1. Can you list residue pairs whose Cβ atoms sit under 6 Å apart, with the first residue in region B:197-215 being on the phi > 0 side of the Ramachandran plot and the second being buried (at least 20 other Cβ atoms within 10 Å of the Cβ)? Count only pairs 6 or more apart in sequence or on different chains.
2. Identify the single condition in (1) touching a strand residue (DSSP E or B) at 6+ places or on another chain (Cβ under 9 Å); (2) among the acidic types (Asp, Glu); (3) more than 22 Å from residue B:247 (Cα to Cα) that residue B:77 does not satisfy, given that it satisfies every other one.
3. Give just the number: which of (1) farther than 30 Å from residue B:2 by Cα; (2) in a loop (DSSP other than H, G, I, E, B); (3) touching a Leu at 6+ places or on another chain (Cβ under 9 Å) does residue A:261 not satisfy?
4. Yes or no: residue B:110 part of a strand (DSSP E or B) and at pLDDT 95 or above?
5. Scan (1) touching a residue at least 12 places away in the same chain (Cβ under 8 Å); (2) of a type outside the set (Gly, Ala, Ser); (3) not in a helix (DSSP H, G or I) for the single condition residue A:177 breaks and write down its number.
6. Residues A:242, A:266: which one is in contact (Cβ under 8 Å) with a residue 24 or more places away in the chain, more than 14 Å from every other protein chain (Cβ to nearest Cβ), touching a Ser or Thr at 6+ places or on another chain (Cβ under 7 Å) and closer than 19 Å to residue A:99 by Cα?
7. Looking at A:95, A:103, A:57, A:71, which one is under 18 Å from residue A:125 (Cβ atoms) and of a type in the set (S, T, N, Q)?
8. Counting just the residues of region B:202-260 that are among the basic types (Lys, Arg) and in a strand (DSSP E or B), which one comes out nearest to the other protein chains (Cβ to nearest Cβ)?
Amino acid sequence: MSNPIMKVDLNGLVLHNPITVASGTFGFGREYAEYVDLNDIGGIMVKGLTLKPRAGNPSPRVAETPMGMLNSVGLQNPGIEYFIEHEIPYLRQFNTAIIANINGTNIEEYCEIAEITSKADVDSLELNISCPNVKAGGLAFGTDPNMVYKVTKAVREASGNKHLIVKLSPNVKDIKEIALAAEEAGADCLSMINTLTGMVIDINSRTPILARGIGGMSGPAVKPVAVRMVYETAGVVKIPIIGMGGISNYKDVVEFMLAGAGAISIGTANFVDPRVTKRVLNDLTSYLKSNNIDNINDIVGKVIR
Amino acid sequence: MKKTYDLKIMDREVLSQEVFKILLEKPADMPEIIPGQFFGLKADDNGYPLLRRPISVSRVDANSFELTIKLVGQGTELIYNKKIGETINVLGPVGNGFYLEEAKKNSIIVGGGIGISPVKELARVLKNKFNDDFPVLLGFRDEPFDLEDFSLYSSKIEIATESGITGTKGYVTTLLEEHLKENEIDTVYVCGPHVMLKAVKLLCDRYNVTTQLLMEERMACGIGACLVCTCAIKEGTEIKNKRVCKDGPVFYGSEVVFDV
């Protein structure tokens with residue numbers, strides 16, 4: 001059997017394979033380029049960007065949890081201008097989609113960064129309304145359907161016709177409402193899930209391990225939550241979903257795609273194995289071949305409901 | 001392209017109730033290991049615990065290298081329980097290590113607790129480079145460990161213990177100040193707990209002596225992508241959060257901001 005078709009079209013964003021890397025877990029690709037050929041990755045959601053450079057939160061910023069971790073980085077990044085000048089040209093050397101994760105503290109800021117970024121040489125914007133690690137903005141926008149609609153609509157208008165992904169938070173009452181609000185406001189695609197909020201306490205010092213107390217939980221432990229949310233969302237929206245949350249092998253990818261994800265992101269697993277993306281791509285290809293599936297898109301949403 | 005390695009555990013030695021070392025085979029295609037560099041160890045192949053354990057190199061031989069590990073939890077216990085002959089997956093060597101291009105003979109090595117391990121390899125390398133022993137000041141809470149091995153790389157070891165069980169009762173800074181008072185010192189290389197790094201830096205500042213500090217922080221990726229292991233660093237008038245794993249783990253004392 002010839003190689004299966006791996007190309008996916010996420011409502012205008014075409015990836016040569018469905019494996020992307022989650023924002024905040026892959027920097028701007030430079031560190032991982034020493035370990036894995038970035039040409040083998042469908043798309044890179046770059047580290048969350050803000051208008052001005054951000055120093056991020058105090059240390060400790062990480063705490064390990066059973067089959068997962070908490071992070072409290074707080075959107076440390078060099079700012080949008082630096083990204084456009086230094087990181088886009090670097091990433092453009094590779095055959096991988098550049099997906100700019102953009103953040104703001106109010107709607108005006110979201111629109112300003114969206115406008116600047118949409119004019120830059122990126123393939124898509126990922127609107128982050130779900131970061132749990134910043135005081136203002138972030139998660140506050142992602143938990144109320146009316147706010148999700150408002151900010152998405154405004155950013156949609158500020159971004160010309162650039163492909164727009166809205167990244168959803170799992171820290172909500174009803175993910176379907178939130179997803180529908182983003183879709184109605186003009187999102188081309190959804191990515192989900194961002195981290196779940198969590199806490200670890202050191203019983204000896206009786207203080208939280210993270211300097212900021214609460215952080216975002218990721219890793220294999222969150223996977224069932226993420227799969228459920230992708231499944232629920234895929235049942236109500238028409239736009240494609242990029243699924244993520246604890247993916248570390250090809251079986252996880254198949255599970256997310258069966259649940260309804262048109263593509264997936266690998267996040268925390270990159271920290272464990274810097275070459276995980278390539279391994280998952282190889283294993284996924286073998287899986288499709290041995291199951292006589294000649295097009296990856298044929299499994300999307302094919303869970304028996 | 002860089003990769004991770006599955007390395008055979010060639011030997012294990014227990015140094016104390018909570019410290020042990022393992023000797024790993026060094027593959028031919030592994031890059032040179034600089035003192036102060038570290039490895040990310042996968043505690044178990046079944047995936048739990050999730051993250052790699054960052055462990056400094058305590059000695060490099062022709063075909064092997066040694067890691068000294070403190071038992072602090074489940075991950076290090078799993079590593080301890082591995083049998084000789086089994087393999088362990090490692091990422092590395094990563095990090096920058098000590099800056100030794102301009103190393104001068106009139107320098108001092110300081111280590112504290114488990115932090116004596118990376119400076120043991122430093123003592124070995126400096127001894128080879130200068131064909132002379134460097135003064136080594138080691139601080140322990142109680143019973144010292146690994147001294148037999150350490151003494152192969154310096155005949156000028158001085159000990160301070162908090163309990164007073166052996167050596168000078170107190171801290172390494174007491175020993176260090178004697179050297180700073182009496183001699184013209186170029187650089188003090190140091191690894192140890194946070195409070196010790198800070199105390200050594202402040203002391204050396206008073207004597208206008210350069211310090212290189214090997215910093216420790218909780219890590220995830222180990223290669224500079226995830227930004228969880230930052231350290232506040234002065235850059236001109238600005239304070240930046242630098243990555244301990246990638247920009248460090250060794251920083252000059254003059255640039256580290258201790259009270260953020």
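The values are calculated or read from the model by the stated rules, or taken from the named source; none is laboratory data. Treat the numbers as computed from the prediction; the structure is a model and nothing was measured. Reconstructed Cβ throughout: ideal geometry from the backbone, glycine too, with neighbour counts over all protein chains shown.
1. Partner pairs satisfying both residue conditions: none exist.
2. With respect to (1) touching a strand residue (DSSP E or B) at 6+ places or on another chain (Cβ under 9 Å); (2) among the acidic types (Asp, Glu); (3) more than 22 Å from residue B:247 (Cα to Cα), residue B:77 is out only on (1).
3. (3)
4. Details: part of a strand (DSSP E or B): yes; at pLDDT 95 or above: yes.
Yes; evaluated as a whole, the condition is true for this residue.
5. (3)
6. A:242
7. It is A:103.
8. Taking region B:202-260 and keeping what is among the basic types (Lys, Arg), we get B:206, B:218, B:234, B:240, B:242-243, B:246.
After this cut, where a residue has to be in a strand (DSSP E or B) as well, the list is B:234, B:240, B:242-243.
Values: B:234: 13, B:240: 7, B:242: 11, B:243: 9 Å.
Across region B:202-260, the extreme among qualifying residues is B:240.
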